[in-house]
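Structure, as structure tokens:
Where a number appears in this text, it was derived from the coordinates with a stated rule and is not lab data. Everything quoted here is computed from the prediction, not taken from an experiment. Heads up, the Cβs are rebuilt from the backbone with ideal geometry, glycines too, and the neighbour counts pull from every protein chain shown.
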Amino acid sequence: MSYLSLENVTKQFGDVVVVDKFNLGIEKGEFVSFLGPSGCGKTTTLRMVAGFELPTSGRITLDGVDITDKAPNQRNVGMIFQAYALFPNMTVAQNIGFGLRIRKMNSTDVHARVDEMLSLVNLEKHANKYPYQLSGGQQQRVSLARALAIRPEVLLLDEPLSALDAKIRVSLRQEIRAIQRRLGITAIFVTHDQEEALSISDRIVVMNVGEMEQVGSPFEIYNFPKTQFVANFVGSLNNADAEVVDPANGILAMDGVHFKTAEEDFSSRKKGDKVKISVRPERFSFAVEPKKDNVIDCTIESITFLGAVVRIQIKIGNTSFNMDTFNNPFLELPAIGAKEQVMCSKEAVLVL
Amino acid sequence: MASKGLRKVVAMSDTSFDISVDQGEPDKKTRSLLRIGGRFWSWVWFILGAIYFLVPLFATLRHSLRMERDVLGFKAYERAFEDPSFLETFLLSNALAVATILCSTLLIVPTAYWIRLRLPQARRIAEFITLLPFVIPAIILVFGLIRTYSTHFTIPFTDIELFQPLTTTKFGTYALITAGYMVLAMPYMYRSVDTGMRVVDIRTLTEAAQSLGAGWFTIITQVILPNVRSALLSGALLTFAIVVGEVTLASFLGVDAFGPYLFLIGQHKAYEPAALSFVTFLMTWFAMGMIQFVTGGQGQATGAH
Ligand SMILES: Nc1ncnc2c1ncn2[C@@H]1O[C@H](COP(=O)(O)OP(=O)(O)OP(=O)(O)O)[C@@H](O)[C@H]1O
Ligand SMILES: [Mg+2]
């Protein structure tokens, strides 16, 4: 059995089912992200693990112990909030030592542990400051140190970086990940930022209105999305309506243009079926190998510089697609309105 | 025109920020004139207000210094302080004020806390109840108290007496008047504590403390109370000012408090009441200053980033 497991966990507020039969096993030392749009039940699920909400039904076990009904202060779970939630009346050191003093640790040990935590998050110099004297990023590091000081069995982070500016967000997420790895602590990280989830997780749980859409490594989630929702929510995507032409050979047609797909159970479909196809913008490139699976005629509609990436809008049949290529100074960009050929592999054509 | 009105409001509120109005943007000079104009008018209103408050105070002070013919002196103050009743009533009122503050704190802090934490639906009801003392005059409150508590208290449908009429014993009367004062103080105590709790987001702080293993007692004493301390203090000082000057409850319940004493000598003497009024004023101001001082120091610490 997994270290932390949620079995059929369901939460209703009144008649509204917010989390529906949630099943998930998390191994010790794993870093799992809950990713999903606003209101999909990420926080609620996390709060059930923390003990702030009682599941309507289902079971949560931690290290073999059923904790479903345990009070939050009886679980050894660290929690990090979006708004830091530091105690304003206590200094940084007092904040970090709070959980230890509650556990009746003697003051020498508290001191030692607090110092250890301060150096873990690089805040040795700020031990005697009050929270209001610190920047947002520093406050969140204090809150991390405070949660880790009690050596929790699980660390729960509810959008801990959302209140910070972009630069700090990136550096702090790497810091959190490095500390989590070093301590081998099990963590659940809630976010609605796909880049954040992709960059720091061992596994991602993509959620949509109370249900789990897909669980997998960032690589799997990005490259092999199982549902239209996952494909669209993680990364950007071109979507189009198409029709099955030759199920046995994986051929379909969009606006009369033929595409070849490597989709697994495509052969079970019938000729004439309506399907949706999706292609990631970076999977297209200008044709150089005429033997490639899909070599397609298109018209250049627009070109947008996005820094490292150049986004080119192309028209295939009557449908516009985005195509991303890396920027470099020697790039020869086509003229707008020019007729070109692009290609993509058959694996790039997802049928969802 | 709407845009003109808007600009005027901005000028009146003495803001030095630019505000873009879609049409008819005034040039720099006009704008700074408007700004100076705004500052001028706010000063005028401030001075008018100050005069309104200060003139009666000054008159009281002047009057209190004129006990001896043709000289200004502190004779009235000496006389007033010499009267042993002054100290007695004053101390009693202070003791009642302290008791009221303590009991109110014990009642209001957990109530406001629980409503914020678990019963947000009850906020409206609590606000309504705590505002009742503004609507219902103290005289009605005191007659209600007397009617209810001047009879023998028995367990319903039996003859077993629970306690004697509260109004017949000294302690009972003090308990009754403290309860009455708690009602009068409720609007101030509840509001300031509730606001204090909103400012520090006690919900999240509670959850943070819980996840660190804290139980309710620790949370209330180490997290909630210290963080609403300044709010509590401002409520407490207002309560203090109310209790020390209160007349209606004290005189109808027959408590020899400072309020009725002031009222009494006001009817018999000419200069001492003015002196005592002025002293009470100073005390209230001192209390206000304390609020400023204490909350000013704490304001930053409790202010979220
Ligand atoms: N105490 C509550 N009472 C009633 N409904 C609630 C309560 N808490 C949450 N909900 C509802 O449950 C749903 C899921 O909320 P939740 O906070 O878990 O979403 P979330 O995925 O964390 O969203 P966000 O990204 O915006 O934080 C929302 O529709 C919310 O309105
Ligand atoms: Mg949330």
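Numbers at a glance
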{"quantity": "Cα-centred dipole magnitude for the protein assembly as shown, charges only on beta-carbon of K, R (+1) and D, E (-1), debye, nearest 20", "calculated": "1280 debye"}
{"quantity": "Cα long-axis angle, helix A:107-120 against chain A (0 to 90 degrees, to the nearest 10)", "calculated": "20 degrees"}
{"quantity": "Within the protein assembly as shown, helix-based [θ] at 222 nm, where runs of 4 or more DSSP H residues each add -39,500 (n - 2.57), nearest 500", "calculated": "-15500 deg cm²/dmol"}
{"quantity": "Exposure proxy ranking, count of Cβ atoms within 10 Å, fewest first, for B:ILE242, A:ILE176", "calculated": "B:ILE242, A:ILE176"}
{"quantity": "Cα-based shape type of the stretch A:195-352, given that a ≥ b ≥ c are square roots of the gyration tensor eigenvalues and the cut on a/c is 1.5", "calculated": "oblate"}
{"quantity": "Cα gyration tensor shape for the protein assembly as shown, rounded if a/c is under 1.5, else prolate or oblate", "calculated": "prolate"}
{"quantity": "Trypsin sites (Lys or Arg not before Pro) lying in DSSP loop within the stretch A:201-299, provided at most 12 other Cβ fall within 10 Å", "calculated": "A:LYS270, A:LYS271, A:LYS291"}
{"quantity": "Which of B:PHE90, B:MET67, B:PRO120, positive extreme of dipole for the stretch B:53-138 (C-beta unit charges)", "calculated": "B:PRO120"}
{"quantity": "Burial ordering of B:ILE101, A:ILE316, B:ILE51, fewest other beta-carbon atoms within 10 Å first", "calculated": "B:ILE51, A:ILE316, B:ILE101"}
{"quantity": "For B:GLU127, net neighbour charge (Lys/Arg +1, Asp/Glu -1) across residues whose Cβ lies under 13 Å away", "calculated": "+4"}
{"quantity": "For the stretch B:76-295: rounded, prolate or oblate by the Cα gyration tensor [a/c cutoff 1.5]", "calculated": "oblate"}
{"quantity": "Exceeding the 27 Å Cα-Cα cut-off - candidates A:LYS11/A:LYS70; A:LYS21/A:LYS271; A:LYS125/A:LYS167; A:LYS270/A:LYS339; A:LYS42/A:LYS104; A:LYS21/A:LYS104", "calculated": "A:LYS21/A:LYS271; A:LYS270/A:LYS339; A:LYS42/A:LYS104; A:LYS21/A:LYS104"}
{"quantity": "Sparse-neighbour loop sites [trypsin sites (Lys or Arg not before Pro); the stretch B:107-140; at most 12 other C-beta within 10 Å; DSSP]", "calculated": "B:ARG118"}
{"quantity": "Shielding by other protein chains, A:90-102, mean Cβ within 10 Å", "calculated": "3"}
{"quantity": "Qualifying trypsin sites (Lys or Arg not before Pro) for the stretch A:76-178 [loop in DSSP, other Cβ within 10 Å: at most 10]", "calculated": "A:LYS104"}
{"quantity": "Modelled label reach - A:VAL245, point 7 Å along Cα→Cβ, the stretch A:260-300 residues with backbone N closer than 11 Å", "calculated": "A:260-261, A:295"}
{"quantity": "Stokes-Einstein D for chain A, Kirkwood Rh over Cα pairs, 20 °C, 1.002 mPa s (µm²/s)", "calculated": "93 µm²/s"}
{"quantity": "Set of lysines near A:LYS276 by C-alpha distance (under 18 Å), chain-local residues within fewer than 8 positions excluded", "calculated": "A:LYS226, A:LYS260, A:LYS315, A:LYS346"}
{"quantity": "Scaled radius of gyration (Cα, divided by 2.2 N^0.38 Å) that the stretch B:90-191 gives", "calculated": "1.24"}
{"quantity": "Surrounding net charge for A:ASP158, when Lys and Arg each add one and Asp and Glu each subtract one, Cβ distance under 9 Å", "calculated": "+1"}
{"quantity": "Residue mean of other protein chain beta carbons inside 10 Å, B:220-227", "calculated": "3"}
{"quantity": "Cα-based helix-to-principal-axis angle, A:136-149 vs chain A, degrees rounded to 10", "calculated": "60 degrees"}
{"quantity": "Residue order, fewest to most beta carbons within 10 Å, for B:LEU253, B:LEU225", "calculated": "B:LEU225, B:LEU253"}
